[in-house]
Each structure stands twice: as C-alpha cells, then as structure tokens.
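K.L.:
Here it is, the structure in full.
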Amino acid sequence: MTVATESKSVLQLGRPMVTVDISDMKISSNQNEILATYSLGSCVGVVLYDPVARIGGMIHCMLPLSKIDPEKAALRPQMFVDTGVTALLQEIYAQGAKKKDLVAKVAGAGSPLGQEMIFKIGQRNYTVVRKLLWKNNILIQAEDVGGSAARTLFLDIATGRTIVKSGGQEVEL
Amino acid sequence: MNLRREILAKVSAVPPLPEVIVKLRECCNDPDIDYSEMAHVIELDAGLTASILRLANSAYFGCRGTVSSVQFAMTRLGLRRVHQMALSVCVAPMMQSPVSGYALGAESLWQHSLATAMAAEILAKKTKNVEASEAFTAGMLHDLGKSVLGMFVENEMVEIRRLVRDEAHSFDEAERAVLGTDHAAVAGMLLRHWQLPHNIVEAVRWHHKPASAEGENPLLDVIHLADILCMDIGWGQGDDGLEYRQDRTAATRMKIDNATGELIVCSVLQGLEEMKELFEMTGQGVH
C-alpha cells in the first residue's frame, strides 16, 4: 500500500464517475470510467479487475450473510456479501473476465471505537469476503480494512488502479 | 469572544420553533384536549397541513390514503405522531443543507438523521419503556448540533484530526478539547431552547456518552444503539467516520444482539428511500 501521489490526477481528470451505492454493484469495460463507492463504514467494498480483458467491477455490501433475510436477498442480492460477491463474479465472467487473470481488492469493514463491539458487522463482512474469494481461488491482492475511518473507494477501469480516500488522504491499494 | 461563547451565541440565535408545534407538544400531555380546536390551529398553515396529510397517508406511518383531515390524523395516529411529523417537517430544511467541517454533503446529515430515526423507532418497539414516536424524534434530531458546529469544526479541523489520529481521541472528545463543547452538547442546548421534553433532550445530549447521563433513560440507549448502527452502515457519513466510542452496556440493557442489529438495518435500507421521497415533497412546510 503506497500513498498515491499520482492518483490525485486520476480522480481530478474530470472523467465520468460511476457511483456504486450501498447494496449495489457496477461492472464496466469503458476505459474512460471510474467506479466509486462512498461512505464505507462496516460495509465492505470489493473490487474485481481483469487487467487482460480490462474489465472491472465493484460492489458495496452491507451485511455478511443472506440467510438473515432471504426475501430481501432475492430482491437485492448485492446487499449481502455471500449473494452479492457471487453475483459480481458471475456477472464479470459473463462480460468476459477470466478467473485466472482476476485480482481482488477489499476496503471497509470498519467499526466504531472501543474494544467491546456492540455489532460485529464489519468483522463479519470481512470474514465472509475472505472465505468466499478463497473458495473461488481468487487472490486478495491488497486491502484496507478495519479501524474507524470513513472510506471512499475508486477503481480506474483503464488501469485497474484502486484508490482509497480516507481522512483527507488518498492511498493506492 | 472565546469559542464556546461564540458557539452558545449561535445556538441562541437559532429561531424558536413555530408556535403551532410548541402548542401541539403541550397538547400531547393534556387529556382534555379538543382535537378539532388543535386541528384548526394547524390548518391555518396550509403548507404544514399538506405535509402532515402526506406523511399520515404514507405506508411508513401506516394509513395508506385514508387520512383526509388533520383531525382524523390526530384520532387515527395520535397526537404524539402528529407532533413528530410536524416537527420533522419543520427541522428538515435545516438538516438538508450541506454541513462544512464534517464534510457532509447536501443530503448527508438528513440521510443519517432519517436512518437513525427509523432504526430508533424499530428499537423502541422492542422495549416497553420507550414511545416509538419519541424515539423517531430523538433519532432525527440527535446530530442537529453538527449543523450549528460545522463552521467551528472546519476552522479547527487540523487540530481535531491530529487529536483523533495521534492522541486516540474520539471525534467528540476532540471537539470538546478544541472547541470546549461537542455536537451532542450543542444539540442538547438547541433542543432545550426549543423546549422539547427532558428525556429527548437528555437522549440527544448524551448519545455518544450514555454512561455520563444522570439516571436511567431507555430512550438514550435506543438513540446510542441506533446511531452506532447507522454509523456502522455509513448512512450520511462525514469526515468524522466511525470515530466515536460505543457503550456495550446499552446493548446489554436493551438485550440487543448482532443479529437483531442486522435485521434492523435491512428494514431501514428498505424504507429509507421512501422516507426521503416523502420529505422531499414536503418542501413547502414551515421554515
């Protein structure tokens, strides 16, 4: 993880920014686009990128497991890590990405301050992401998870560069 | 003038609540209230009346398309509900503006406030001692202090950030260290200035430090948990992020576990867009 000095220019070029909302995912092969998701707290943002096919996807999942509310999961699979990341993988393969070339980056899964967590949403989100990607033989190449900072996640479709903005600083994953 | 005094002056300069809302609140505790008289007072304000009817007829407030007059809304939903709606319509414009300092965009404080109000109402229904409409009101108002404190935070952001990053302060601790007060205390002052009920003022005042409040106040536990949940999910997140302390004892007292928390955020996510749209259309309410 390096502090991204050049990355600022990537975000400031005025290129079209496609927003990924909470419980939402986007896939793009438009080399001009930047995918962005804001307000990552305990939610987890997952970026998948195929540098050969130059196609990328991003998801912003709110909760770890769909079994807590299967009805909502059926309507909005992106809400949960298990159904959402699975849907993202299926869709990105359908659009031409290859598993052997795919790299994953993960950000978020934070929690408010304090040793004794009231809710363990962030921790659980991260555990399920790791398990799911591991089962699918996809390497997490870089991550910025945990802690109590607010995070915004960007993916440059042209290069696969992934940037986390947090506390006024930009860091490249 | 020192910073704290400047902040106090800014709180005092916030206009009082419209008389109709204060009167409505007083009537909530009056068993002899004449509904038609009270309804008539509200109906003098056409904008407020339209907003109340719109909210009363929404799916969220439970009377899809069946409420045609303010008086009927009072009978059907109760005075406290009508007061909650009128107050929400009144404060909405104040919370829909961007807040500097915390880097909250135009809709961020509003989104966080609505989400917290909805989560607080669900939590209140799980306990016997908290009135659902009061939980909604306190949830909606809990971060109102940010809209007063924003400029002061912006001017001192470098030092606040340093305290959070290097000295392990929570964001509100850093606010107190630098400004002499924090956004929860400022919201408490503002709500006192508006003469809201003591339990709502206290729940808002101590929402980041439940252990510091005097006596038991189940509404405070509800607001602390609802805020932590919505902060967790990132609804209306600002630069202060998740830099606040959580008090586990609030969850223990309320008997709320992680699974319940997850179910609550599922429900809030589902209703939040509808709620936002509902209030967007009430723009003509009192300002």
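The values are calculated or read from the model by the stated rules, or taken from the named source; none is laboratory data. Computed from a predicted model, the values in this text were never measured in an experiment. Cβ placement follows ideal geometry from the backbone for every residue including glycine, while neighbour counts extend to all protein chains displayed.
K.L.:
When the residues of the stretch B:190-211 are narrowed to those that are more than 13 Å from chain A (Cβ to nearest Cβ) and under 26 Å from A:Ile121 (Cβ atoms), which ends up farthest from the chain's Cα centre (by Cα)?
P.N.:
Quick first cut of the stretch B:190-211, residues more than 13 Å from chain A (Cβ to nearest Cβ) only: B:190-206.
Narrowing the set further to residues that are under 26 Å from A:Ile121 (Cβ atoms) leaves B:203-204, B:206.
On the way: B:Ala203: 10, B:Val204: 8, B:Trp206: 13 Å.
Ranking the candidates gives B:Trp206 first.
K.L.:
When the residues of the stretch A:137-156 are filtered to those that are among the β-branched types (Val, Ile, Thr) and touching a Phe, Trp or Tyr at 6+ places or on another chain (Cβ under 9 Å), which remaining residue is surrounded by the fewest Cβ atoms within 10 Å (Cβ to Cβ)? First the steps, then the outcome.
P.N.:
Narrowing the stretch A:137-156 to residues among the β-branched types (Val, Ile, Thr): A:138, A:140, A:145, A:152.
With touching a Phe, Trp or Tyr at 6+ places or on another chain (Cβ under 9 Å) added as a condition, the list becomes A:140, A:145, A:152.
Details: A:Ile140: 16, A:Val145: 21, A:Thr152: 18.
For the stretch A:137-156, the residue satisfying everything is A:Ile140.
K.L.:
Can you report the number of residues in the stretch B:145-163 which are crowded, with 24+ Cβ neighbours inside 10 Å and either within 14 Å of chain A (Cβ to nearest Cβ) or aliphatic (A, V, I, L, M) (or both)?
P.N.:
Of the residues in that region, 3 qualify.
K.L.:
Here's another thing I want to ask about it. Hey, could you check the stretch A:99-124 for residues that are farther than 26 Å from B:Cys230 by Cβ and in contact with an Asp or Glu (Cβ under 6 Å, 6 or more places away or on another chain) and say which is nearest to the other protein chains (Cβ to nearest Cβ)?
P.N.:
A:Leu102
This table checks each residue for (1) more than 25 Å from B:Arg253 (Cα to Cα); (2) out of contact with any helix residue (DSSP H, G or I) (no Cβ under 7 Å at 6 or more places or on another chain).
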{"residue": "B:Ala135", "(1), (2)": "no, no"}
{"residue": "B:Val158", "(1), (2)": "yes, yes"}
{"residue": "B:Ala184", "(1), (2)": "no, no"}
{"residue": "B:His193", "(1), (2)": "yes, no"}
{"residue": "B:His198", "(1), (2)": "no, yes"}
{"residue": "B:His207", "(1), (2)": "no, no"}
{"residue": "B:Ala213", "(1), (2)": "no, no"}
{"residue": "B:Leu219", "(1), (2)": "no, no"}
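K.L.:
Among the residues of the stretch B:246-260, count how many are in contact with an Asp or Glu (Cβ under 8 Å, 6 or more places away or on another chain), within 9 Å of chain A (Cβ to nearest Cβ) and surrounded by 18 or more Cβ atoms within 10 Å (Cβ to Cβ). Lay out the reasoning, then the answer.
P.N.:
Just the residues of the stretch B:246-260 that are in contact with an Asp or Glu (Cβ under 8 Å, 6 or more places away or on another chain), to begin with: B:246, B:248, B:250-251, B:253-254.
This time we only want the ones that are within 9 Å of chain A (Cβ to nearest Cβ), so: B:246, B:248, B:250-251.
Among the residues that remain, those that are also surrounded by 18 or more Cβ atoms within 10 Å (Cβ to Cβ) are: B:246, B:250-251.
Within the stretch B:246-260, residues that are in contact with an Asp or Glu (Cβ under 8 Å, 6 or more places away or on another chain), within 9 Å of chain A (Cβ to nearest Cβ) and surrounded by 18 or more Cβ atoms within 10 Å (Cβ to Cβ) number 3.
K.L.:
May I ask you to verify whether A:Gln123 is in a strand (DSSP E or B), closer than 25 Å to A:Thr83 by Cβ and either out of contact with any His (no Cβ under 6 Å at 6 or more places or on another chain) or free of Cβ contacts under 8 Å to residues at least 24 places away in the same chain (or both)? Working first, answer last.
P.N.:
Details: in a strand (DSSP E or B): no; closer than 25 Å to A:Thr83 by Cβ: yes; either out of contact with any His (no Cβ under 6 Å at 6 or more places or on another chain) or free of Cβ contacts under 8 Å to residues at least 24 places away in the same chain (or both): yes.
For A:Gln123, the condition - in a strand (DSSP E or B), closer than 25 Å to A:Thr83 by Cβ and either out of contact with any His (no Cβ under 6 Å at 6 or more places or on another chain) or free of Cβ contacts under 8 Å to residues at least 24 places away in the same chain (or both) - is not met.
K.L.:
Pairs under 6 Å by beta carbon, first residue at the interface with another protein chain (Cβ under 9 Å from one of its Cβ atoms) and in a helix (DSSP H, G or I) in the stretch A:54-74, partner at pLDDT below 95 and surrounded by fewer than 24 Cβ atoms within 10 Å (Cβ to Cβ), six or more apart or different chains?
P.N.:
Qualifying pairs under 6 Å: A:Lys72/B:Cys266.
K.L.:
Within the set of pairs 6+ apart or on separate chains, which have a first residue in the stretch B:125-143 that is closer than 18 Å to B:His208 by Cα, a second that is of a type outside the set (Lys, Arg) and at pLDDT below 95, and C-beta atoms under 6 Å apart?
P.N.:
Hits for this filter: B:Phe136/B:Gln84; B:Thr137/B:Gln84; B:Met140/B:Ser88.
Conditions (1) within 14 Å of chain B (Cβ to nearest Cβ); (2) out of contact with any Leu (no Cβ under 8 Å at 6 or more places or on another chain); (3) closer than 19 Å to A:Ala158 by Cα; (4) of a type in the set (Val, Ile, Thr), marked per residue:
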| residue | (1), (2), (3), (4) |
| --- | --- |
| A:Ser23 | yes, no, no, no |
| A:Ala36 | yes, no, yes, no |
| A:Gly41 | yes, no, no, no |
| A:Val52 | no, yes, yes, yes |
| A:Val81 | yes, no, no, yes |
| A:Ala97 | no, no, yes, no |
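K.L.:
Also, quick follow-up: If B:Thr181 satisfies every condition in (1) in contact with a Gly (Cβ under 9 Å, 6 or more places away or on another chain); (2) surrounded by fewer than 23 Cβ atoms within 10 Å (Cβ to Cβ); (3) not in a loop (DSSP other than H, G, I, E, B) but one, which is the exception?
P.N.:
Single failed check for B:Thr181: (3).
K.L.:
Then there is this: All but one of (1) crowded, with 24+ Cβ neighbours inside 10 Å; (2) of a type in the set (S, T, N, Q); (3) out of contact with any Gly (no Cβ under 9 Å at 6 or more places or on another chain) hold for A:Asn125, so report the exception by its number.
P.N.:
(3)
K.L.:
Looking at B:Leu242, B:Leu225, which is the one that is under 17 Å from the mean Cα position of the chain (by Cα), of a type in the set (A, V, I, L, M) and within 12 Å of another protein chain (Cβ to nearest Cβ)?
P.N.:
Details: B:Leu242 fails: under 17 Å from the mean Cα position of the chain (by Cα).
Being under 17 Å from the mean Cα position of the chain (by Cα), of a type in the set (A, V, I, L, M) and within 12 Å of another protein chain (Cβ to nearest Cβ) holds for just one of B:Leu242, B:Leu225, which is B:Leu225.
K.L.:
Could we say that B:Gly234 is facing chain A (nearest Cβ under 7 Å) and in contact with a Cys (Cβ under 6 Å, 6 or more places away or on another chain) here? Don't jump to the end; show me each part of the working.
P.N.:
Working: facing chain A (nearest Cβ under 7 Å): yes; in contact with a Cys (Cβ under 6 Å, 6 or more places away or on another chain): yes.
Considered against the rule, which asks whether it is facing chain A (nearest Cβ under 7 Å) and in contact with a Cys (Cβ under 6 Å, 6 or more places away or on another chain), B:Gly234 comes out as yes.
K.L.:
Considering only residues that are among the polar types (S, T, N, Q) and either in contact with a helix residue (DSSP H, G or I) (Cβ under 6 Å, 6 or more places away or on another chain) or closer than 15 Å to A:Met58 by Cβ (or both), which ones fall in the stretch A:148-173? Write out each step before concluding.
P.N.:
Taking the stretch A:148-173 as the starting set, the residues that turn out to be among the polar types (S, T, N, Q) are A:148, A:152, A:159, A:162, A:166, A:169.
Across the stretch A:148-173, the qualifying residues are A:Thr152, A:Thr159, A:Thr162.
K.L.:
While we're looking at this one, here's another question. Please list, ordered by residue number, the helices (runs of 4 or more DSSP H) wholly in the stretch B:193-287 having 2 or more residues that are within 28 Å of A:Arg151 (Cβ to Cβ) and either of a type outside the set (Phe, Trp, Tyr) or free of Cβ contacts under 8 Å to residues at least 24 places away in the same chain (or both). Before you say what the answer is, go through the steps one by one.
P.N.:
Details: elements: B:198-205, B:218-233, B:248-254, B:258-280.
Counting at least 2 such residues, we get B:218-233, B:248-254, B:258-280.
K.L.:
Another question, then. Kindly indicate whether any position in the stretch A:125-133 is within 14 Å of chain B (Cβ to nearest Cβ) and within 15 Å of A:Leu48 (Cβ to Cβ).
P.N.:
Within the stretch A:125-133, not a single residue is within 14 Å of chain B (Cβ to nearest Cβ) and within 15 Å of A:Leu48 (Cβ to Cβ).
K.L.:
Residue check, A:Thr159 against (1) within 11 Å of another protein chain (Cβ to nearest Cβ); (2) assigned to a loop (DSSP other than H, G, I, E, B), all met but one. Which one?
P.N.:
(1) is the only condition that A:Thr159 fails.
K.L.:
Return a yes/no flag: does the stretch B:98-113 have any residue that is of a type in the set (Asp, Glu) and at pLDDT 90 or above.
P.N.:
Initial filter on the stretch B:98-113 (of a type in the set (Asp, Glu)): B:107.
Of the ones still in play, those that are also at pLDDT 90 or above are none.
For the stretch B:98-113, residues of a type in the set (Asp, Glu) and at pLDDT 90 or above: absent.
K.L.:
Return the residue satisfying two criteria in turn: it lies in the stretch B:99-144 and is of a type in the set (D, E, K, R) and under 14 Å from the mean Cα position of the chain (by Cα), and of such residues it is surrounded by the fewest Cβ atoms within 10 Å (Cβ to Cβ).
P.N.:
Among residues in the stretch B:99-144 that are of a type in the set (D, E, K, R) and under 14 Å from the mean Cα position of the chain (by Cα), the one surrounded by the fewest Cβ atoms within 10 Å (Cβ to Cβ) is B:Glu134.
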